[in-house]
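Asks: One structure coming up, written as structure tokens, with questions to follow.
The values are calculated or read from the model by the stated rules, or taken from the named source; none is laboratory data. Fair warning: this is a prediction, and the values are worked out from it, not measured in the lab. Cβ placement follows ideal geometry from the backbone for every residue including glycine, while neighbour counts extend to all protein chains displayed. For the accessible areas, the whole protein counts, side chains as well, though only heavy atoms, and no ligand, DNA or RNA atoms are used. Shrake-Rupley method; radii C 1.70, N 1.55, O 1.52, S 1.80 Å.
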Amino acid sequence: MMIDLTHTLTTSTETPMSIWPGHPKLEMRKVASIPEQNANVTAISLGSHTGTHIDAPNHFIADGLTVDKYDLNKLVGRAVVVDVRGKKEREMITWEDMEKWEGEMREGVIVLVCTGWSQYWGKENYGQHPFMDFNAAEKLMGKGVRVVGCDTLSPDDICSPTSQVHKVILGAGGVIAENLKGIEEVLGLKDPFVSLLPLKLDNCDGSPIRAIAWSTGGESV
Ligand SMILES: [Zn+2]
């Protein structure tokens, strides 16, 4: 059974999306409809970092890989969920918070940082999320991890002018998945795997994804 870790891309004002300040909003426009043209077709416009998405290295690294060239093998793999749901608004997530899972962190695994913040998606305090200490990001890279997912707008502090965590991960040739939804559910899966595949956008710095997780261990725990 698949667990959907993706927020809905919607233009509904009743269930608004949280978008990074200044980034393009989603637009969806019907350009053909069944009554008139015998088919439904929609024109879609959005930013490369709108909704649940990945940042390719090229987002912050000028000569870094773009989403179309990134190795897909790295974007599907065993998930290690770091449970830091006790963190408060804009509280730092340190390596000490993460080292309990140190033994599972290695090349090829996808580390999902579970703050529980996706419950605030579309609300005013969504941006006031806990954020990762850049030393913790460096430790993760040191362990060989290259894909890090979070259930927040960013792994960095929204007020940080330097985006250090982004630079550490993307600078190591890694990828960051942002605005994941409901990572909590992965905690209940035995031997969880996750898939974070992007659209094949030519030379693009990021892409919306349909993030999913599933158990490879039979019975759920
Ligand atoms: Zn992004």
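Asks: Helix-only estimate, please: 222 nm mean residue ellipticity of the chain, summing -39500 (n - 2.57) across DSSP H runs of length 4 or more and dividing by its residues, to the nearest 500.
Replies: Working: 4 runs with 25 residues, N = 221.
After summing the helix terms and dividing by the residues of the chain, the value is -2500 deg cm²/dmol.
Asks: Report, by chain and number, residues whose modeled amide H sits under 5 Å from the one on His53, excluding near sequence neighbours (fewer than 5 apart, same chain).
Replies: Glu178, Ile209
Asks: I've got another one for you. Taking amide hydrogens as modeled 1.01 Å from N in the peptide plane, which residues meet the under 5 Å criterion relative to Asp157, leaving out close sequence neighbours?
Replies: Residues meeting the criterion, in which the H sits 1.01 Å from N, are Met132.
Asks: Count neighbours as other Cβ atoms within 10 Å of each site's Cβ, and list the GluC sites (Glu not before Pro) in region 178-220 that are DSSP loop with at most 15 such neighbours. Walk me through the intermediate numbers first.
Replies: Values: sites: Glu178, Glu184, Glu185, Glu219; in loops: Glu219.
Within region 178-220, the qualifying GluC sites (Glu not before Pro) (loop, at most 15 other Cβ atoms within 10 Å) are Glu219.
Asks: Compute the distance in nm between two label points, each set 7 Å from the Cα along the Cα-to-Cβ direction, one at Lys30 and one at Asp63.
Replies: Label-label distance for Lys30 and Asp63, simple model: 5.0 nm.
Asks: Starting from the amide H of Lys181, placed 1.01 Å from N in the peptide plane, find each other amide H under 5 Å away whose residue is 5 or more places distant or on another chain.
Replies: Thr6, His7
Asks: Where the only charges are on Cβ atoms (+1 Lys, Arg; -1 Asp, Glu), what is the dipole of the chain about its Cα centre, to the nearest 20 debye?
Replies: Values: 21 positive and 30 negative charges, 65 e Å.
Computed about the Cα centre, the dipole is about 320 debye.
Asks: How far is it, in nm, from the label point at Trp95 to the one at Lys167 when both lie 7 Å from their Cα along the line to the Cβ?
Replies: Spacing of the two 7 Å Cα→Cβ label points: 1.9 nm.
Asks: If you don't mind, another one. At 1.4 Å probe size, with every protein chain present, just tell me what the per residue accessible area of region 53-215 comes to in Å².
Replies: 43
Asks: A further question on this structure: Over the chain, what relative contact order in percent results from Cα pairs under 8 Å that are six or more residues apart?
Replies: Taking the mean separation of contacting Cα pairs over the length of the chain, I get 29 percent.
Asks: Can you list which of the GluC sites (Glu not before Pro) found in region 63-124 are DSSP loop residues with at most 16 other C-beta atoms within 10 Å?
Replies: Passing both the DSSP loop test and the Cβ count: Glu89, Glu91, Glu107.
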